[in-house]
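Chemist: Just passing along the structure, written as structure tokens.
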Amino acid sequence: METDTAAVALAARNLTKIYRMGAIDVPALQGIDVDLHKGELLVLLGPSGSGKSTLLNILGGLDRPTSGEVRFGNQLLEMDSERALNRYRRNHVGFVFQFYNLIPSLTARENVALVTEIARDPMPPVDALTLVGLRDRLDHFPAQLSGGEQQRVAIARAIAKRPDLLLCDEPTGALDSKTGILVLEAILKINREFQTTTALITHNAVIAEIANRVLYFADGRIVETRCNEVQRAPGELTW
Ligand code: ADP
């Protein structure tokens with residue numbers, strides 16, 4: 001994929017984030033410039049504490065930068081407006097986290113329906129669950145599903161509203177490698193079929209092989225960017 005010439009889905013400029021902890025300032029981001037190209041799969045790699053989650057949260061409108069700006073297409077995100085950020089998240093962003101955050105008393109289908117009920121142009125929950133390979137688990141409760149299956153329900157929930165952006169923070173962090181591969185395959189399938197711009201955080205360097213582009217983080221900065229000539233399939237990876 002020619003990411004250099006592809007349209008920009010999201011652009012961040014000179015982002016900084018400082019957490020104030022009593023008298024101490026913790027600089028989490030120290031001037032980040034990054035473009036996410038439409039349809040690309042971006043992997044964010046780097047040691048714990050290097051700012052990956054902080055960046056992802058700001059890109060997804062979950063958190064605000066101390067300074068700098070984010071543009072979604074040609075629209076500047078209004079970081080001061082909780083309402084504008086809510087609207088942005090609701091209409092454009094799907095999140096997947098390390099822990100699945102499913103509601104235990106609802107079935108897989110009902111967990112996904114919670115989101116589709118408030119979305120503008122959702123796909124039916126059954127379609128979203130079918131996409132992630134859970135057509136035969138619709139009426140299972142989270143406790144009746146494996147960790148990998150629960151994570152795939154979380155992915156179905158994230159993508160059922162047809163988001164422009166899919167932001168994944170350590171989606172395989174709690175899973176064994178075999179199960180993690182199934183989860184990565186589901187994410188890749190969405191990325192390919194819907195051209196969903198996808199950013200995925202991991203501290204597992206092997207996973208970077210599935211990306212179009214890899215950003216390396218250290219101390220709140222992007223210290224290196226690499227384009228993969230060839231994207232490897234999750235099934236080819238071992239860790
Ligand atoms: P990563 O995702 O790469 O592990 P984070 O973005 O979570 O890194 O954290 C970057 C830095 O910001 C770390 O030093 C972390 O301790 C600090 N940090 C993150 N979130 C908070 C918070 N809510 N309050 C204070 N400090 C935080």
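Chemist: In terms of modelled amide H atoms, which long-range or inter-chain residues lie less than 5 Å from the amide H of residue 96?
Modeler: Hits under the 5 Å cutoff: 167, 168, 169.
Chemist: Can you sort 8, 96 by how many other beta carbons sit within 10 Å, fewest first?
Modeler: Ordered by Cβ neighbours within 10 Å, fewest first: 8, 96.
Chemist: OK, next. Quick one: pull the percentage of alpha-carbon pairs in the chain with a separation above 33 Å.
Modeler: For the chain, the fraction of Cα-Cα distances above 33 Å is 15 percent.
Chemist: At what distance in angstrom do the alpha carbon centres of the range 160-177 and the range 92-117 lie from each other?
Modeler: About 12 Å separates the Cα centre of the range 160-177 from the one of the range 92-117.
Chemist: Next up: Just the projected area, averaged over all directions, of the convex hull on the alpha carbon atoms of the range 117-239: how many nm²?
Modeler: It is 8.6 nm².
Chemist: In terms of the Cα gyration tensor, with a ≥ b ≥ c the square roots of its eigenvalues, is the range 180-234 rounded because a/c is under 1.5, prolate because a/b exceeds b/c, or oblate?
Modeler: Verdict is prolate for the range 180-234.
Chemist: What is the order of 152, 135, fewest Cβ neighbours within 10 Å to most?
Modeler: If I rank by nearby Cβ atoms, fewest first, I get 135, 152.
Chemist: Moving on. Quick check: from the Cα gyration tensor, does the range 108-175 come out rounded (a/c under 1.5), prolate or oblate?
Modeler: oblate
Chemist: Same structure again: Starting with the fewest neighbours, write out 167, 10, 145 ranked by other beta-carbon atoms found within 10 Å of each beta-carbon.
Modeler: In increasing order of surrounding Cβ atoms, one gets 145, 10, 167.
Chemist: Rounded, prolate or oblate: pick one for the range 7-103, where a ≥ b ≥ c are the square roots of the eigenvalues of its C-alpha gyration tensor, a/c under 1.5 means rounded, and failing that, prolate if a/b is larger than b/c, else oblate.
Modeler: It is rounded, given that a/c, with a ≥ b ≥ c, falls under 1.5.
Chemist: Moving on to the next point. Along the positive direction of the dipole of the range 1-153 (beta-carbon charges: Lys, Arg +1; Asp, Glu -1; about the Cα centre), which of 6, 41, 21 reaches farthest?
Modeler: The one lying farthest along the dipole's positive direction is 21.
Chemist: Dipole of the chain, Cα-centred, from +1 at each Lys and Arg C-beta and -1 at each Asp and Glu C-beta, to the nearest 20 debye?
Modeler: 380
Chemist: Taking the dipole about the Cα centre of the range 115-193, with the C-beta of Lys and Arg at +1 and of Asp and Glu at -1, give me whichever of 163, 145, 174 is farthest to the positive side.
Modeler: Positive-most Cα among the choices belongs to 163.
A short reminder: the numbers here are calculations on the coordinates, not readings from a lab. Everything quoted here is computed from the prediction, not taken from an experiment. Please note: Cβ atoms are built from the backbone with ideal geometry, for glycine as well, and neighbour counts cover all protein chains shown.
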